[in-house]
Amino acid sequence: MPLCVAQMAFMAYYKQEFDLTAGMGSRIIVQYMIYAAVTGGRMGAMSLKATKFGGSSLADAVHFAKVRDILFADKDRRFAVASAPGKRYKEDEKVTDLLYKCYRAVERNESADAIFEQISERYLAIAKDLGLDFDMRPVLAETYAEIRRQKSPDFTASRGEYLNAMLLAEYLGWDFIDAKDVIKFDRQGMFAAEWTNEILAEELKKHEYAVIPGFYGSLPNGEIHTFSRGGSDISGAIVARAAQADIYENWTDVSGFLMADPRVVENPRPIDTLTYRELRELSYMGATVLHEDAIFPVHKAGIPTVIKNTNAPQDPGTMIVTKPTEASYKSPITGIAGHKDFTLISIEKAMMNSELGFGRRVLQALEDFGVSFEHLPTGIDTMCVVISDRELSMTKTQIINRIQETCHPDSIEISGGLALIATVGYGMVKTRGTAAKLFAALSDANVNVRMIDQGSSELNIIVGVDVDDFETALRAIYNAFVQ
Ligand code: ASP
């Protein structure tokens with residue numbers, strides 16, 4: 001494929017910027033050719049990058065300096081979403097965790113002075129170590145007074161991002177946009193995507209460069225409301241969509257996704273590129289790197305996301321694209337992800353396949369007790385429901401009783417101790433023998449397969465194995481496909 005001038009300039013820029021080794025360079029070139037293909041050549045003089053920096057990337061002054069270098073290395077990086085300061089070392093506490101502690105003390109009418117002092121110290125140290133001429137004491141005092149006045153968990157927790165974004169904006173000399181004015185939730189606390197997009201897009205047009213705090217927005221009555229933990233990833237994706245960015249750069253402390261969990265597989269290969277759909281199928285591992293809900297705003301807007309490492313910006317990271325590209329079909333699998341602790345409910349009834357409404361009644365029983373299910377493999381006269389133990393812990397007996405009452409099955413069997421492993425990749429669609437290879441690997445490793453599920457998209461094969469076989473099975477699959 002011939003490269004257009006903008007593509008070559010972009011690649012040359014990247015090679016210069018990060019002094020690449022030959023191996024790294026070729027990964028980046030492949031990725032950015034994909035980037036060029038998926039952005040339809042939109043990159044070039046007018047491209048725009050929305051960035052998000054996680055808590056570990058903004059934990060102290062050293063990291064603030066790294067973030068500034070990254071942002072200033074590319075003038076297209078115009079909007080930065082900031083998390084609250086994260087851990088500086090293993091035993092350290094995240095500012096968000098300290099803030100929740102602070103809220104609990106305030107709620108119990110106990111003094112939170114010592115906790116808030118600890119929080120203040122984090123910001124004051126960053127400002128001091130950066131040599132900033134910005135006195136944060138007044139805003140910290142005002143924040144603490146407001147925390148005690150409002151006694152709201154969301155308001156309290158949101159201050160981690162608010163103060164950090166303010167500090168980052170000051171350090172960079174960029175504008176500060178308060179997320180409460182541009183990220184909106186409805187009265188029920190559901191994120192109001194279209195309303196937000198309208199006002200945020202308007203606001204962003206007024207700023208050349210700006211920092212926006214992640215994790216929170218506001219309800220129609222003006223009260224602060226937060227996303228779930230790790231929600232700054234979502235804020236970043238929302239900003240990318242509203243800015244019509246060419247790319248959403250999510251900067252964190254790892255160089256993207258790995259093909260398998262490194263605690264199970266030694267030195268797994270990094271994933272260069274994957275699609276949003278593949279990432280959803282790999283969600284058993286995805287959430288640790290990127291908040292699940294961060295996928296939707298950018299996927300919908302056709303904006304790729306790249307996961308980058310603030311401590312190793314030369315690493316290419318993982319590019320997440322909207323549609324499969326030629327590269328997606330090159331190898332049969334993109335990644336393997338698994339999770340332990342599932343239960344299998346197996347229901348048997350003669351002539352089940354012709355009984356109208358049987359499946360609906362089973363699922364109704366789950367819905368009535370607020371339980372969602374993972375998979376639903378079926379046979380002619382059998383139906384299995386796979387549910388995570390967490391979901392089922394409080395309601396198992398009630399659900400079984402309800403299924404008995406409404407479905408009158410011949411038998412119901414419950415077996416716990418199930419682990420699920422999803423092997424995912426667009427490459428499967430075009431490769432014959434993927435399933436044969438996978439099951440041969442499991443059989444050679446002496447692993448008994450308790451459940452099989454393959455989506456009609458042919459994007460994944462999910463197997464259920466005994467929890468005790470989990471690690472062996474995952475390694476066997478990895479070794480069969482990745483050599
Ligand atoms: N600071 C929040 C948390 O720790 C949000 C985030 O970092 O994304 O969950």
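The values are calculated or read from the model by the stated rules, or taken from the named source; none is laboratory data. This one's a predicted model, so the numbers in the text were calculated from it and none came from an experiment. Ideal geometry is used to build each Cβ from the backbone, glycine not excepted, and the neighbour counts take in all protein chains shown.
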**Prompt:** Are any of the residues in segment 103-113 in a loop (DSSP other than H, G, I, E, B) and either touching a residue at least 12 places away in the same chain (Cβ under 8 Å) or within 15 Å of the ligand (Cβ to nearest atom) (or both)?
**Reply:** yes
**Asked** Out of (1) touching a residue at least 60 places away in the same chain (Cβ under 8 Å); (2) more than 26 Å from Ile477 (Cα to Cα); (3) not basic (Lys, Arg), the odd one out for Thr406 is which?
**Response** (1)
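Residue by residue through segment 130-144, note down the ones that are in a helix (DSSP H, G or I) and either within 16 Å of the ligand (Cβ to nearest atom) or of a type in the set (D, E, K, R) (or both). Walk me through it before giving the result.
The first filter runs over segment 130-144 and keeps only residues in a helix (DSSP H, G or I), leaving 137-144.
Of everything in segment 130-144, those that are in a helix (DSSP H, G or I) and either within 16 Å of the ligand (Cβ to nearest atom) or of a type in the set (D, E, K, R) (or both) turn out to be Arg137, Glu142, Thr143.
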**Prompt:** Are there any pairs with C-beta distances below 6 angstrom linking a residue in segment 65-94 that is surrounded by fewer than 20 Cβ atoms within 10 Å (Cβ to Cβ) to a residue that is outside any loop (DSSP other than H, G, I, E, B) and modelled with pLDDT under 95, with the two at least 6 apart or on different chains, and if so which?
**Reply:** Ala73/Glu17
**Complete:** For Ala50, the lone unmet condition from (1) part of a helix (DSSP H, G or I); (2) among the small types (Gly, Ala, Ser); (3) away from the ligand (no atom under 14 Å from the Cβ); (4) in contact with a Phe, Trp or Tyr (Cβ under 6 Å, 6 or more places away or on another chain) is (1)
**Prompt:** What is the number of the single condition among (1) crowded, with 17+ Cβ neighbours inside 10 Å; (2) part of a loop (DSSP other than H, G, I, E, B) that Ala237 does not meet?
**Reply:** (2)
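Restricting the search to segment 381-414, which residues are aliphatic (A, V, I, L, M) and either in a strand (DSSP E or B) or more than 32 Å from the chain's Cα centre (by Cα) (or both)?
Met383, Val385, Val386, Ile387, Ile400, Ile403, Ile412, Ile414
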**Prompt:** How about segment 203-220: which of its residues are outside any strand (DSSP E or B) and away from the ligand (no atom under 13 Å from the Cβ)?
**Reply:** Glu203, Leu204, Lys205, Lys206, His207, Glu208, Tyr209, Leu219, Pro220
**Prompt:** Quick check: is even one residue across segment 426-448 assigned to a strand (DSSP E or B) and either within 20 Å of His339 (Cα to Cα) or free of Cβ contacts under 8 Å to residues at least 24 places away in the same chain (or both)?
**Reply:** no
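Yes/no matrix, rows are residues, columns are (1) within 20 Å of the chain's Cα centre (by Cα); (2) under 29 Å from Ala480 (Cβ atoms):
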position: Thr275; (1), (2): yes, yes
position: Glu278; (1), (2): yes, yes
position: Val289; (1), (2): yes, yes
position: Val298; (1), (2): yes, no
position: Lys323; (1), (2): yes, yes
position: Glu326; (1), (2): no, yes
position: Ala337; (1), (2): yes, yes
position: Thr343; (1), (2): no, yes
position: Asn353; (1), (2): no, no
**Fill in**
Restricting attention to segment 338-348, the residues that are surrounded by fewer than 23 Cβ atoms within 10 Å (Cβ to Cβ) and in contact with a helix residue (DSSP H, G or I) (Cβ under 7 Å, 6 or more places away or on another chain) number exactly 4
**Message:** Just to verify a result, which residue in segment 70-100, among those that are away from the ligand (no atom under 13 Å from the Cβ) and part of a helix (DSSP H, G or I), is farthest from Arg229 (Cα to Cα)?
**Reply:** Phe72
**Which listed residue is under 22 Å from Val467 (Cβ atoms) and small (Gly, Ala, Ser), from Gly370, Gly338** = Gly338
**Asked** Can you find a residue in segment 224-237 that is farther than 16 Å from Ser83 by Cβ and more than 16 Å from the ligand (Cβ to nearest atom)?
**Response** no
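Among Ile177, Ile247, Ile212, Ile238, which is the only one that is under 29 Å from Gly317 (Cβ atoms), touching a His at 6+ places or on another chain (Cβ under 9 Å) and aliphatic (A, V, I, L, M)?
Ile177
For (1) within 16 Å of the ligand (Cβ to nearest atom); (2) assigned to a helix (DSSP H, G or I), each residue gets a yes or a no:
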residue: Arg263; (1), (2): no, no
residue: Arg277; (1), (2): no, yes
residue: Arg280; (1), (2): no, yes
residue: Ile295; (1), (2): yes, yes
residue: Lys300; (1), (2): no, yes
residue: Ala312; (1), (2): no, no
residue: Pro316; (1), (2): no, no
residue: Ile320; (1), (2): no, no
**Single unsatisfied condition, Ile147 versus (1) assigned to a helix (DSSP H, G or I); (2) more than 16 Å from the ligand (Cβ to nearest atom); (3) over 22 Å from Gly54 (Cα atoms)** = (2)
**Request:** Pick out the one residue from Thr252, Thr288 that is polar (S, T, N, Q) and closer than 15 Å to Val81 by Cα.
**Result:** Thr252
**Prompt:** Name the pairs: first residue in segment 361-380 and surrounded by fewer than 17 Cβ atoms within 10 Å (Cβ to Cβ), second residue in a loop (DSSP other than H, G, I, E, B), Cβ to Cβ under 6 Å, at least 6 apart or on different chains?
**Reply:** Phe369/Thr395
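Take the conditions over 17 Å from the mean Cα position of the chain (by Cα) and aromatic (Phe, Trp, Tyr) and apply them to Phe358. Does it pass?
It is true that Phe358 is over 17 Å from the mean Cα position of the chain (by Cα) and aromatic (Phe, Trp, Tyr).
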